[in-house]
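Chemist: Dumping the structure here so I can ask a few things about it.
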Amino acid sequence: MALYKEVVAADPEGRLGTTEYQKSTVSCTEYAEFMIAQNANYGRGVARSPEPMRAFLGKYPASKLRKAAYSALASHYYSPRTSKEEADKFFDEALTLYPDDPWLRYYYGIRNTQTKDNLDRAIDVIEGLQAFDEGTAANMRAELYALKGDLSRAEASYGSEFAEGLVSNLAYALTEYATFWMERKSNLESAEKMLKTAIQLAPENAYFRQSAANLFLQDEKLDKALGIFGPEFVRTVGTNASALINYARFWAQKKQNMESATEALETALKQNPPEYYTIQTAADAFFLMGKADRALAIYGPACIQSRQDEPLALASYARFWAGKKTNLESALTAAEQAVKLPPETSSLNVPYVWDTLASVYLALGRPEDALKAEEKAIELDTAGYNLEFYKANLKKIQAEIDKKKK
């Protein structure tokens, strides 16, 4: 992210060089701005927001990256959390511009499957996906590159990364197949066989093991769940903090296998030093286990002391503890410091930290102060991206004030 920002700062007009993206030549600056927007769209290191990508489309109306930008935005607008009006407007626009884009079709279908809206149109859109065959296209590209004597580009198109993608996709498909039948308690022999096959295809991928364990637990088969996603799995992942914490959170939520889950968390925290995200998610898992003291020990005031100049880290810390209704004085100190600092990335973060401060005030039983902070968040959300969310919070705060007056 920092390098992309340096590129934009060094050449804001995009005149000093070009690069390639998916066979298109664009200026280095345009590509850097696209990647910055992409990171924001997926929430990589910043508060997740589609607005930077929207701004990119506005700035570069004839960009060769425009189709990729719409595909990226589709991964935001397909969520049921996006309003029907927003989603319909986006997909009408995107599918008008790129009616044959498979990813737009895919995300549109997924959204309407979840929301159960626009079903007839969704069926028509999904029908078009049947002609989309990535494997055939990759094979043909590789054949053409090989005919030209360019085996390096053939491998880039149809090499190990492509093959590994096939394995991963098959594992996902088999897991979905098993989920379908196990939830309906039918075709179980085949479903369990396919679950095991998915795990064999990707033995280090916790998602498939976790999915299988969850299905077995739904059928009250704890032994089978532990056999797939139990202490033996912990031994295979070693010190992989992300895998260990996901494992621990899974079992903490199930209130089972707690000893192994605790050991997994402690192993994750033995990184030197553990990453901030690892500490926060481990603390959350400890809370799920009913171990609030251990959560506070690893993610208390001492942890945030070295990040006093990072508004998002401070806000994340404050919001965490506001949600737990614990360690609130430290959360308040962090939230008050966050609103004093300039934003690290997007101006969208400014109303977010004020909303965080409001949440801390509310947790402290200070709804009048919370109201002022929330009003500030609404005032500063000039882009309007989270305006409805902040207004909803304002109503909750006002309800607390009214309740207090009675």
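The values are calculated or read from the model by the stated rules, or taken from the named source; none is laboratory data. All of these numbers come straight from a predicted model, not from anything done at the bench. As a convention, Cβ positions derive from the backbone with ideal geometry for all residues, glycine included, and neighbour counts pool all protein chains shown.
Chemist: Can you tell me which of (1) under 22 Å from N169 (Cα atoms); (2) at pLDDT below 85 is the one Y145 doesn't meet?
Modeler: (1)
Chemist: Looking only at residues that are touching a Phe, Trp or Tyr at 6+ places or on another chain (Cβ under 7 Å) and not in a helix (DSSP H, G or I) in region 321-376, which one is modelled with the lowest pLDDT?
Modeler: L348
Chemist: Right, next: Would you confirm whether any residue within region 294-305 is outside the structural domain of K255 (by TED's automatic domain parsing), surrounded by 17 or more Cβ atoms within 10 Å (Cβ to Cβ), out of contact with any strand residue (DSSP E or B) (no Cβ under 7 Å at 6 or more places or on another chain) and closer than 30 Å to R54 by Cα?
Modeler: no
Chemist: When only residues in region 75-93 that are among the small types (G, A, S) and within 10 Å of R111 (Cα to Cα) count, which is surrounded by the fewest Cβ atoms within 10 Å (Cβ to Cβ)?
Modeler: The selected residue is S79.
Chemist: Another one. Please report, ordered by residue number, the helices (runs of 4 or more DSSP H) entirely within region 180-293 with at least 1 residues that are farther than 30 Å from T326 by Cα.
Modeler: Fully inside region 180-293 and qualifying: 188-201, 206-218, 222-229, 231-237.
Chemist: Output the number of the condition that K325 fails; it satisfies all remaining conditions of (1) under 21 Å from the mean Cα position of the chain (by Cα); (2) free of Cβ contacts under 8 Å to residues at least 40 places away in the same chain.
Modeler: Just one mismatch for K325, condition (1).
Chemist: If we keep just the residues of region 225-284 that are among the basic types (K, R) and closer than 23 Å to I199 by Cβ, which is modelled with the lowest pLDDT?
Modeler: Quick first cut of region 225-284, residues among the basic types (K, R) only: 235, 249, 254-255, 270.
Imposing the further condition that a residue be closer than 23 Å to I199 by Cβ reduces the set to 235, 249, 254.
Values: R235: 90, R249: 93, K254: 94.
This residue is R235.
Chemist: Within region 94-120, work out how many residues are surrounded by 13 or more Cβ atoms within 10 Å (Cβ to Cβ) and either closer than 18 Å to A68 by Cα or of a type outside the set (A, V, I, L, M, F, W, C) (or both).
Modeler: Adding up the residues that qualify gives 18.
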